[in-house]
Amino acid sequence: MKFLRPIAIAAAAMLTLSATAQQPWQKLQMPTASHVERTWKTPPSEYGPEPYYGLNGAVDTAVITRDLDTMRRLGFRAVTVQAGYGMPFAYLSPEYFKFFRTFLEEAKKRDMRVWIVDDAGYPSGFAGGKFTSEKPNLRMQALEVAQTIPVAAGETIDKPVDPAAVAVTAVNLDNNTTASIPVTNNAIAWTAPQGHWQIMVIEHQFRTSPTRSDTNPRRVKDAEQSLEDYLDPAATMQFLAFTHEQYKKYVGDEFGKTIMGFRGDEPDYSIRGLPWTPKFFSTFEQIKGYDIRPYLASFFLPKLTARQQRAKADYYDVFSQMFRDGFFKVQGDWCAANHLEYQVHLNHEEMEMALTRSEGDFFRDMRYVQVPGIDAIWHQIDPDTISDYPRLASSVSHVYGKPRAFTESFAAYRPTPTLDQARYILNEQFVRGINLVEAMYFPATSRGVRPPPAFMADPGFPALMQYTQRISYLMSMGRPAASVALYLPSSSMWMGDKDSDEAFVSTERMLSERQIDFDIVSEDALASGLIASHGIFTTLSGNSYRTVILPNTSLLSEAALDRLHTFVKGGGRVLFLGHPPALIAGRTILDARTATPADFSWATVVPGELSPTPTPPAQPPTTPPTPQIVPEAFKQAIDAVVPAPDITLDQPSTALRSMRRHLKDADVYLLFNESPDTFSRTILFRTTGKQAELWDPQTGAVTALNSTKAQDARRLTLSLKSYETCVIVFR
């Protein structure tokens, strides 16, 4: 009985989150296995899959009807559509929307659903160039070093500075100490003391990440069409006025029906300098309680002092909050209010260290996004790589009560994948919680009839899409079952701690290769987002964590630390792998206190390190990834904190991957043999179900399996071919 309360609270929270969601696919569902079995043979169109369709060239009704018919024959049940290059009407013009209504009606005739790409290219947020041409004051901005002035000891500098200057700082190049120089009437006057000094003038300037716009006549990715100021909610409201509100005006009657929602792409700060907005300094001081401007110049130095690095981490902490609230939340709220969903993926998902610089924090960005996503478009996933990053998107969905997580797949793989390789890429993502698939890329046939692009022309492609649709539907039903949480150390990465990133990725691999189903969790989730009870953290999806693992974390908040301590007092398990945090932060990271052994006396701390997992190469390497070296102490520690794993093999194997979900009256296990060799083992499945069944996503057939009873488990002997999946259901 003591576990009913947190689950009830979670359910109430889910209802709040989905208060405006009127359609089944927009909320968590808990059907019976019999209901799912009846439906999964021909799942609803809302579960995809969909191609990314570009309206390029002289598109007309004949072109779109031909293309939609081809998509249906290929097995697509939805379509993600983007205004393309060379259309016979201007993007966002009345003529464009008249044509879009025709497109929508043709999709509706074929019982296809539509996702609308929110811009004329990527990254999202330039509104086809309208910010540059019509609202230049709302363009993206950054802080940059505008001037550097060398100053000798005893020399006096008396000169004007640009009104755009936000801070002027003198840096002693001997020891990186700094001195703030006041600006009076747009001028500075300062005499250098002993040392070798350099004055740095920091200005705010309009700078944008490059945009690849199909309204750019040069057809290149450049800075001609600026992105909006992502940190300013007013700019995002203007973006919605330019785009979403126009779709609402012309086709809003199909919102939440034929139109599923809006699809965003890679919003980020790929700029020189620091992300900035006019309200940044006041917001920073409100959150952190101090003025960040005296530290700005130091952020551009090649080497920072410890205190400067902490201040920079505070900067990225505030930046990530403002990015969440200024861009992602505004769009998620608008979509929810209009019976739609917002799906988006970021840049650098497979490279978290880079992501913390360009987007701040994956979990924060995705917090209010209805369908979090990732992409796998250029060799991030292949038999010669190790990539667990798709769990980022599915984990956000699990933590915050969202039913789905999507992938944009294939686009820039070189060479183009074969059908078998495409299946492998999808399976790697399915077994990590992705359950909505977008296949990139299907260009309009505006130049005449031609075969489907790339591997879509393979005769076996429609069967692969049927397989994809069934798995997408099945793994969207019920709720996740992971009881292990792996901490994502974004704040450590803000501190420049590359080791924390490497340890996180290596721990992902270690857990996956030991068949431990886990979710990734953020600092915000540990500090407040998860529902805490006696030895349990419960997500808004309803699954409960009984183990939290933190690998090589250099910084942790006091709030997260306190909740972890209480979690352990109630019977939960906390494992610090490598080393525990050296710093504990309160309101600021700048004034974080030094941790002591007493801070972690209640947890399990195991020194050591895993062999690093390499970043996926841009092109196929010549050798497969090397086996991971796991210290014996780590193995013992994992066994101790995960005493009842979902599955147990009679002989260890690093080839098998697994994910589990709960239906109302059944457990669903998705298994994937990641090896080129046959996998054969006797497996112990932790379940209360008695009837074991094999569900074949290729045919839709359900077959009874012989299993034997073990304590709180069932035992099965399975054999999987090279790169084969199977779905086992226990009713």
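Within the range 560-573, take every residue that is among the charged types (D, E, K, R) and in a helix (DSSP H, G or I) and give me the one that is nearest to Leu530 (Cα to Cα). Break it down into steps so the answer makes sense when it comes.
Restricting attention to the range 560-573, the residues satisfying the condition of being among the charged types (D, E, K, R) are 562-563, 569, 573.
Keeping just the survivors that are in a helix (DSSP H, G or I) gives 562-563, 569.
Numbers: Asp562: 13, Arg563: 10, Lys569: 17 Å.
Looking at residues that are among the charged types (D, E, K, R) and in a helix (DSSP H, G or I), I get Arg563.
Sort through Val431, Val449 and tell me the only one that's touching a residue at least 40 places away in the same chain (Cβ under 8 Å), aliphatic (A, V, I, L, M) and surrounded by 22 or more Cβ atoms within 10 Å (Cβ to Cβ).
On the way: Val449 fails: surrounded by 22 or more Cβ atoms within 10 Å (Cβ to Cβ).
Of the residues listed, the single one that is touching a residue at least 40 places away in the same chain (Cβ under 8 Å), aliphatic (A, V, I, L, M) and surrounded by 22 or more Cβ atoms within 10 Å (Cβ to Cβ) is Val431.
List the residue pairs whose Cβ atoms are under 7 Å apart, where the first residue sits in the range 300-329 and is under 21 Å from Ala170 (Cα atoms), the second is open to solvent by 20 Å² or more (accessible area, probe 1.4 Å) and assigned to a helix (DSSP H, G or I), and the two are 6 or more positions apart or on different chains.
Close Cβ pairs satisfying both conditions: Leu304/Lys312; Gln308/Tyr295; Ala311/Tyr295.
What residue, of Asp119, Asp174, is touching a helix residue (DSSP H, G or I) at 6+ places or on another chain (Cβ under 9 Å) and either exposed (fewer than 14 other Cβ atoms within 10 Å of the Cβ) or not in a strand (DSSP E or B) (or both)?
Result: Asp119 is the single residue among Asp119, Asp174 that is touching a helix residue (DSSP H, G or I) at 6+ places or on another chain (Cβ under 9 Å) and either exposed (fewer than 14 other Cβ atoms within 10 Å of the Cβ) or not in a strand (DSSP E or B) (or both).
If the requirement is being more than 17 Å from Glu224 (Cβ to Cβ), assigned to a helix (DSSP H, G or I) and aromatic (Phe, Trp, Tyr), which of these qualifies: Phe131, Phe99, Phe89, Phe76?
Phe99
For the range 262-351, which fully contained helices (runs of 4 or more DSSP H) count at least 3 residues that are closer than 29 Å to Ala376 by Cα? Before the answer, list the steps.
Working: elements: 280-288, 306-323, 329-337.
Helices (runs of 4 or more DSSP H) meeting the threshold: 306-323, 329-337.
Output yes when any residue across the range 491-505 is open to solvent by less than 10 Å² (accessible area, probe 1.4 Å), touching an Asp or Glu at 6+ places or on another chain (Cβ under 6 Å) and not in a helix (DSSP H, G or I), and no when none is.
Checked against the condition, which is being open to solvent by less than 10 Å² (accessible area, probe 1.4 Å), touching an Asp or Glu at 6+ places or on another chain (Cβ under 6 Å) and not in a helix (DSSP H, G or I), the range 491-505 yields no hits at all.
To keep it simple, each residue is scored yes or no on (1) without any contact (Cβ under 8 Å) to a residue 60 or more places away in the chain; (2) surrounded by fewer than 20 Cβ atoms within 10 Å (Cβ to Cβ); (3) more than 15 Å from Pro551 (Cβ to Cβ).
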site	(1), (2), (3)
Leu577	no, no, no
Thr588	no, yes, yes
Thr594	yes, yes, yes
Phe600	yes, no, no
Gly608	yes, yes, no
Val630	no, yes, no
Gln651	yes, yes, yes
His662	no, yes, yes
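Filter the range 243-261 for residues that are under 24 Å from the mean Cα position of the chain (by Cα) and part of a helix (DSSP H, G or I) and give the result. Step through it out loud before you land on a result.
In the first step, residues of the range 243-261 are kept if they are under 24 Å from the mean Cα position of the chain (by Cα); the result is 243-244, 256, 259-261.
Hit for the range 243-261 is His244, nothing else.
Just to be sure before I move on: is Val168 under 30 Å from Val183 (Cα atoms) and either of a type outside the set (Asp, Glu) or open to solvent by 10 Å² or more (accessible area, probe 1.4 Å) (or both) in the structure I sent? Outline the logic, then answer.
Values: under 30 Å from Val183 (Cα atoms): yes; either of a type outside the set (Asp, Glu) or open to solvent by 10 Å² or more (accessible area, probe 1.4 Å) (or both): yes.
Answer is yes for this residue.
Select from the range 272-299 the residues that are aromatic (Phe, Trp, Tyr) and buried (at least 19 other Cβ atoms within 10 Å of the Cβ) and list them in ascending order.
Just the residues of the range 272-299 that are aromatic (Phe, Trp, Tyr), to begin with: 276, 280-281, 284, 290, 295, 299.
Scanning the range 272-299 gives Trp276, Phe280, Phe284, Tyr295, Phe299.
Ala153 fails exactly one of the following numbered conditions: (1) part of a loop (DSSP other than H, G, I, E, B); (2) open to solvent by less than 10 Å² (accessible area, probe 1.4 Å). What is the number of that condition?
Unmet condition: (2).
For the range 539-553, enumerate the residues that are of a type in the set (Ser, Thr, Tyr) and either touching a Lys or Arg at 6+ places or on another chain (Cβ under 8 Å) or surrounded by 23 or more Cβ atoms within 10 Å (Cβ to Cβ) (or both).
Thr539, Ser541, Tyr545, Thr547, Thr553
Could you please let me know if Gly448 is at pLDDT 95 or above and not in a strand (DSSP E or B)?
Working: at pLDDT 95 or above: no; not in a strand (DSSP E or B): yes.
Considered against the rule, which asks whether it is at pLDDT 95 or above and not in a strand (DSSP E or B), Gly448 comes out as no.
Here's the yes/no breakdown for (1) of a type in the set (S, T, N, Q); (2) at pLDDT below 95:
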{"site": "Ala127", "(1), (2)": "no, no"}
{"site": "Phe131", "(1), (2)": "no, no"}
{"site": "Pro136", "(1), (2)": "no, no"}
{"site": "Ala165", "(1), (2)": "no, no"}
{"site": "Leu173", "(1), (2)": "no, yes"}
{"site": "Thr191", "(1), (2)": "yes, no"}
{"site": "Gly195", "(1), (2)": "no, yes"}
{"site": "Ile199", "(1), (2)": "no, no"}
{"site": "Glu203", "(1), (2)": "no, no"}
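What number goes with the only condition from (1) modelled with pLDDT of 95 or more; (2) surrounded by fewer than 18 Cβ atoms within 10 Å (Cβ to Cβ) that Arg681 does not pass?
(2)
Could you please give the count of residues in the range 429-445 that are part of a loop (DSSP other than H, G, I, E, B) and under 28 Å from Val727 (Cβ atoms)?
So the count comes out to 5.
Each row is one residue, and each column tells you yes or no for (1) open to solvent by less than 10 Å² (accessible area, probe 1.4 Å); (2) over 16 Å from Leu392 (Cβ atoms); (3) not polar (S, T, N, Q).
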| residue | (1), (2), (3) |
| --- | --- |
| Pro480 | yes, no, yes |
| Ser528 | no, yes, no |
| Arg563 | no, yes, yes |
| Val574 | yes, yes, yes |
| Pro581 | yes, yes, yes |
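Within the range 178-205, which residues are more than 25 Å from Ser282 (Cα to Cα), outside any strand (DSSP E or B) and open to solvent by 30 Å² or more (accessible area, probe 1.4 Å)?
If the condition is that a residue be more than 25 Å from Ser282 (Cα to Cα), outside any strand (DSSP E or B) and open to solvent by 30 Å² or more (accessible area, probe 1.4 Å), then Pro193, Gln194, His196 are the ones that fit.
The values are calculated or read from the model by the stated rules, or taken from the named source; none is laboratory data. Please read these numbers as outputs of a predicted model, since none were measured by experiment. Please note: Cβ atoms are built from the backbone with ideal geometry, for glycine as well, and neighbour counts cover all protein chains shown. Accessible surface areas use protein heavy atoms only, side chains included; no ligands, DNA or RNA. Shrake-Rupley method; radii C 1.70, N 1.55, O 1.52, S 1.80 Å.
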